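To start, the structure under review is shown below, and the notes come after it.
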Amino acid sequence: MRRTLLAVLFFVALVAIWAALVHAKICSPVLLPSPRSVMDYLTSSARDGTLFSASTVTLRRLLVGYFTGLAIGLPLGLLTASLKFAEDTVGVLALGLQTLPSVCWVPLALLWFGQTEGAMLFVIIMETVWSVVIATDTGVRTISPIFARAARTMGSGPFHRWIHVILPASLPHLISGMKQGWAFAWRSLMAAEIYVTILTGFGLRHLLHCGRELNAMDQVIGIMLVIVLIGLLADKILFSPWERFLHRRWGTGRT
């Protein structure tokens, strides 16, 4: 309860500082709108359905691309952690491609798929897969080898060791890799939505771009806050509960 109260006070203080800067006219209202202006925009866009529609479109693209990338990246990461050949080939490829900024995939996606949903999904998947591969490979390698040795001395076969020893022990690291993949998927989608203009729905990044074109900073800051809020909710709902549970289960959580 005390931690929650302190966190609330911290964010209230940030909003108060923001409002004080606007009131003191240190910055132009065109460049830094007041919290009330941003709240008015969010309220009006929520009432007319614009915000909900854009959020739904963005989340749909994000979830499809993310889980597809996850389904590809997790097995590849486990493969690179278990086979030397996969480490020297797929692992090196993942390390190289992960360094590419997400915007670099956009021209290729447009040439291959055109102005379609497939172009956006391609960018998200390519940005998610390689980060998940590297995080999964690293997570499996950080497991103490004594676990596998103990299982081997008790007669555990390779398949049994992977299912009942290595995978359970690496789950905290796998969840961290999934969270990292989620962050990369978000960033890649924001890059894709601005360059891939399609008629199947305008997402949050399109609203952000329209706000910039119209010099509507209340819209720009409002959409940024929505993106941050969705990211925080995803972490609190999807990832944090599993991380806490697994760390308690393995006795690696903070006391």
inquiry  = Looking only at residues that are closer than 20 Å to residue 73 by Cα, among the hydroxyl-bearing types (Ser, Thr, Tyr) and buried (at least 16 other Cβ atoms within 10 Å of the Cβ) in the range 95-138, which one is nearest to the chain's Cα centre (by Cα)?
reply    = 128
task = Write out, first by first residue and then by second, each pair whose Cβ atoms fall under 8 Å of each other, whose residues are 6+ apart or on separate chains, and whose first residue, in the range 20-48, is farther than 13 Å from residue 222 by Cβ while the second is exposed (fewer than 11 other Cβ atoms within 10 Å of the Cβ).
result = 30/215
inquiry  = Criterion first (buried (at least 18 other Cβ atoms within 10 Å of the Cβ) and modelled with pLDDT under 85) does residue 202 satisfy it?
reply    = yes
task = Sort out which residues of the range 17-49 are in contact with a Leu (Cβ under 7 Å, 6 or more places away or on another chain) and of a type in the set (Ser, Thr, Tyr), and write them in order of number.
result = 45
message = I want to confirm something. Restricting to the range 65-97 and keeping residues that are polar (S, T, N, Q) and within 12 Å of residue 137 (Cβ to Cβ), which single residue is modelled with the highest pLDDT?
response = 80
query = Any idea which residue in the range 191-222 is farthest from residue 141 (Cα to Cα), counting only those that are in a helix (DSSP H, G or I) and free of Cβ contacts under 8 Å to residues at least 60 places away in the same chain?
reply = 213
query = How many residues, within the range 174-193, are surrounded by 20 or more Cβ atoms within 10 Å (Cβ to Cβ) and closer than 25 Å to residue 82 by Cβ?
reply = 7
ask   = Out of (1) modelled with pLDDT under 85; (2) surrounded by 10 or more Cβ atoms within 10 Å (Cβ to Cβ); (3) small (Gly, Ala, Ser), the odd one out for residue 20 is which?
value = (1)
note = Counting only residues in the range 45-76 that are closer than 17 Å to residue 116 by Cα and of a type in the set (Lys, Arg), the one surrounded by the fewest Cβ atoms within 10 Å (Cβ to Cβ) is identified as 60
key: Residue in the range 152-168 that is crowded, with 17+ Cβ neighbours inside 10 Å, free of Cβ contacts under 8 Å to residues at least 40 places away in the same chain, in contact with a helix residue (DSSP H, G or I) (Cβ under 6 Å, 6 or more places away or on another chain) and not in a helix (DSSP H, G or I) present   = no
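Which residues, counting only those in the range 98-109, are in a helix (DSSP H, G or I) and either in contact with an Asp or Glu (Cβ under 9 Å, 6 or more places away or on another chain) or modelled with pLDDT under 85 (or both)?
Once the filter is applied, which keeps residues that are in a helix (DSSP H, G or I) and either in contact with an Asp or Glu (Cβ under 9 Å, 6 or more places away or on another chain) or modelled with pLDDT under 85 (or both), the range 98-109 yields 98, 102, 103, 104, 105, 106.
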key: Of all residues in the range 110-124 being touching a Ser or Thr at 6+ places or on another chain (Cβ under 9 Å) and not in a helix (DSSP H, G or I), the one that is farthest from residue 181 (Cα to Cα)   = 115
query = When you scan the range 77-92, how many residues do you find that are in contact (Cβ under 8 Å) with a residue 24 or more places away in the chain and either surrounded by fewer than 18 Cβ atoms within 10 Å (Cβ to Cβ) or under 19 Å from the mean Cα position of the chain (by Cα) (or both)?
reply = 3
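The values are calculated or read from the model by the stated rules, or taken from the named source; none is laboratory data. Just so we're clear, the structure is a prediction, and the values are computed from it rather than from any experiment. Heads up, the Cβs are rebuilt from the backbone with ideal geometry, glycines too, and the neighbour counts pull from every protein chain shown.
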